[in-house]
Amino acid sequence: MNEEIKIALVDDHGLCRRGLTELFDHCNGISVVGDTGNAEEVLALLEAQQPDLLIMDLRMEPMDGLTLLDKLRKCGCETPVMILTMSDAESDLACAMRAGARGYLLKDMDPDEVIGAVRRVACGELVIAPSMTGKFMNIMQNGQQDQARKNSLEMLTEREREILQHLARGESNKVIARTLDISYDTVKQHVRHILFKLKLASRVEAAVFAVEQRAHDRAH
């Protein structure tokens, strides 16, 4: 990007906003066109200044950064957002990425690294703090596992899903047959189909799978 990168800052700590402004003021091709400590003012700031990049903190009052990011996306805002925070929690990183953040940096990073990240995000790259790359890979891997789990479950019939939930409660085939008013042999056949479709070796593994899926659904 040859043109000047226009940045807007959102952080409820004035000292942090001032420090970032001074940092970017000394960079060729980067300028801070606006800043605010009030998340409620962000939409007006974006409309007035039309920055190329919005840099925001996560821990803000009264509206936190993740809530603000979600609000911006629901309003149709397409300005790229980069998170700059003290939080190195994997959960915060995951939430920020799912909400559409294009970068996730930590405030203890070297200033030159932050500047480089700004240039890369402004060029369309996704940038993660070096110390967070391992956690980012975990998130990506978990996302792939979630998709694989979802695909497997979609292969089950409604009756098979019902039986899978009974397996999760540790019920025997006889109990399941009596509860669902179907034959014992029919239950055995359904269980075989469940194990085949989910690529599981035993009814115990199927029960564990079902319990984990239930916990996953509650978490999301």
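The values are calculated or read from the model by the stated rules, or taken from the named source; none is laboratory data. These numbers were taken from a predicted model, which means no experiment stands behind them. Here the Cβ is made from the backbone with ideal geometry for all residues, glycine too, and neighbour counts use every protein chain on show.
Give the residue that is surrounded by the fewest Cβ atoms within 10 Å (Cβ to Cβ), with candidates limited to residues of the stretch 172-200 that are touching a helix residue (DSSP H, G or I) at 6+ places or on another chain (Cβ under 7 Å) and outside any helix (DSSP H, G or I). Filtering the stretch 172-200 for residues that are touching a helix residue (DSSP H, G or I) at 6+ places or on another chain (Cβ under 7 Å) and outside any helix (DSSP H, G or I), the one surrounded by the fewest Cβ atoms within 10 Å (Cβ to Cβ) comes out as S183. On the stretch given as the stretch 19-33, residues that are farther than 14 Å from K107 by Cα and either among the charged types (D, E, K, R) or touching a residue at least 24 places away in the same chain (Cβ under 8 Å) (or both) total 9.
Here is the figure for the stretch 9-30: residues that are surrounded by 20 or more Cβ atoms within 10 Å (Cβ to Cβ) and basic (K, R) total 0. Here V32 fulfils each of the conditions (1) in contact with a Phe, Trp or Tyr (Cβ under 8 Å, 6 or more places away or on another chain); (2) of a type in the set (V, I, T); (3) under 22 Å from M97 (Cα atoms) apart from (3).
Every residue in the stretch 28-73 that is part of a loop (DSSP other than H, G, I, E, B) and touching a strand residue (DSSP E or B) at 6+ places or on another chain (Cβ under 9 Å), please. Selection gives G29, G37, N38, Q50, P51, D52, D57, L58, R59, M60. The number of residues in the stretch 148-170 that are surrounded by 12 or more Cβ atoms within 10 Å (Cβ to Cβ), at pLDDT 85 or above and either in contact with a Ser or Thr (Cβ under 7 Å, 6 or more places away or on another chain) or assigned to a helix (DSSP H, G or I) (or both) comes to 10.
Taken as a whole, the structure leaves A48 outside the set of residues that are buried (at least 16 other Cβ atoms within 10 Å of the Cβ), in the same structural domain as C16 (by TED's automatic domain parsing) and among the small types (G, A, S). Annotation: of all residues in the stretch 41-67 being at pLDDT below 90 and over 20 Å from V114 (Cβ atoms), the one that is nearest to the chain's Cα centre (by Cα) is L66. Only one entry of E158, E125, E171 meets the criterion of being under 28 Å from the mean Cα position of the chain (by Cα) and either at negative phi or β-branched (V, I, T) (or both), and that entry is E125. Filtering the stretch 74-103 to residues that are of a type in the set (D, E) and assigned to a loop (DSSP other than H, G, I, E, B) leaves E78, D88. If I filter the stretch 56-72 for residues that are of a type in the set (D, E), in contact with a Gly (Cβ under 7 Å, 6 or more places away or on another chain), free of Cβ contacts under 8 Å to residues at least 60 places away in the same chain and within 28 Å of M137 (Cα to Cα), do I get at least one hit? The answer is yes, given that some residue of the stretch 56-72 is of a type in the set (D, E), in contact with a Gly (Cβ under 7 Å, 6 or more places away or on another chain), free of Cβ contacts under 8 Å to residues at least 60 places away in the same chain and within 28 Å of M137 (Cα to Cα). With respect to (1) under 20 Å from the mean Cα position of the chain (by Cα); (2) of a type in the set (D, E, K, R); (3) modelled with pLDDT of 90 or more, the lone exception for K71 is condition (3). Look at the stretch 159-179: where a residue is within 14 Å of E212 (Cα to Cα) and touching a residue at least 24 places away in the same chain (Cβ under 8 Å) and a partner is part of a helix (DSSP H, G or I) and charged (D, E, K, R), sitting 6+ places away or on another chain with Cβ atoms under 6 Å, you get L167/R203. Among the residues here, T67 qualifies as closer than 22 Å to V127 by Cα, out of contact with any Asp or Glu (no Cβ under 7 Å at 6 or more places or on another chain) and surrounded by fewer than 20 Cβ atoms within 10 Å (Cβ to Cβ). In the stretch 31-40 there is at least one residue that is under 26 Å from S131 (Cβ atoms), more than 26 Å from the chain's Cα centre (by Cα) and buried (at least 17 other Cβ atoms within 10 Å of the Cβ).
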